[in-house]
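Participant: The structure is given below, and queries will be raised subsequently.
Derivation of every value follows stated rules applied to the coordinates shown; laboratory data play no part. This is a predicted model, so every value here is computed, not measured. FYI the Cβ positions are ideal-geometry reconstructions off the backbone, even for glycines, and counts take in every protein chain you see.
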Amino acid sequence: MMQQNKESLVQYILKLAEDVYNALTPDIPAEWLSSDLTVAQLRVLLVLHANGPSRMSAISSALDVALSTVTGIVDNMVKKELVTREADSQDRRLVICKLSDAGQDVIRRLWTSGQLQMEKLLDGLTLEQLGKAAEVAEMLLDNVSKLNTIGEGKNT
């Protein structure tokens, strides 16, 4: 594991992460395989989860698809009760989309599925190894916090 510089070490870590991912046996809940949720709808759910209530144009921009395409996707999601629409309080002509309780539940189940995978990864580690893993997780969280602070500074 003799890495010479920061860039090569980052590449090594990414390669290890890929190897871990490839070694994992996918544990896909049966409900996901029988779900009628499309990839496009999942993408909209993820955008709304990450960005919060959003205008159609913002969703369209985030997904890099035509506004008419997003409108059709959201129409179907409203029928499935995954998304709600409401008029913008500032401009009644604009529509704001947000996750419904059912949409939030889908996101929660995705998160839970990921948590179960992480538990499997951590299960075979010793107490000392878990301590090291916790240190790495703390460092990553600290770095994300710094990145978010930098990102917020750009928007002001």
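Participant: Within region 71-84, is there a residue that is within 26 Å of Asn148 (Cα to Cα), in contact with a strand residue (DSSP E or B) (Cβ under 7 Å, 6 or more places away or on another chain) and touching a residue at least 12 places away in the same chain (Cβ under 8 Å)?
Facilitator: No, every residue in region 71-84 fails to be within 26 Å of Asn148 (Cα to Cα), in contact with a strand residue (DSSP E or B) (Cβ under 7 Å, 6 or more places away or on another chain) and touching a residue at least 12 places away in the same chain (Cβ under 8 Å).
Participant: Looking at region 106-118, can you tell me whether even one residue there is touching a residue at least 12 places away in the same chain (Cβ under 8 Å) and more than 20 Å from the chain's Cα centre (by Cα)?
Facilitator: Checked region 106-118: no residue is touching a residue at least 12 places away in the same chain (Cβ under 8 Å) and more than 20 Å from the chain's Cα centre (by Cα).
Participant: Can you tell me which of (1) assigned to a helix (DSSP H, G or I); (2) without any contact (Cβ under 8 Å) to a residue 24 or more places away in the chain; (3) touching a strand residue (DSSP E or B) at 6+ places or on another chain (Cβ under 6 Å) is the one Ile13 doesn't meet?
Facilitator: Among (1) assigned to a helix (DSSP H, G or I); (2) without any contact (Cβ under 8 Å) to a residue 24 or more places away in the chain; (3) touching a strand residue (DSSP E or B) at 6+ places or on another chain (Cβ under 6 Å), Ile13 violates only (3).
Participant: With the condition kept exactly as written, say whether any residue in region 65-78 is within 18 Å of Ala40 (Cβ to Cβ) and within 17 Å of the chain's Cα centre (by Cα).
Facilitator: Among the residues of region 65-78, not one is within 18 Å of Ala40 (Cβ to Cβ) and within 17 Å of the chain's Cα centre (by Cα), which makes the answer no.
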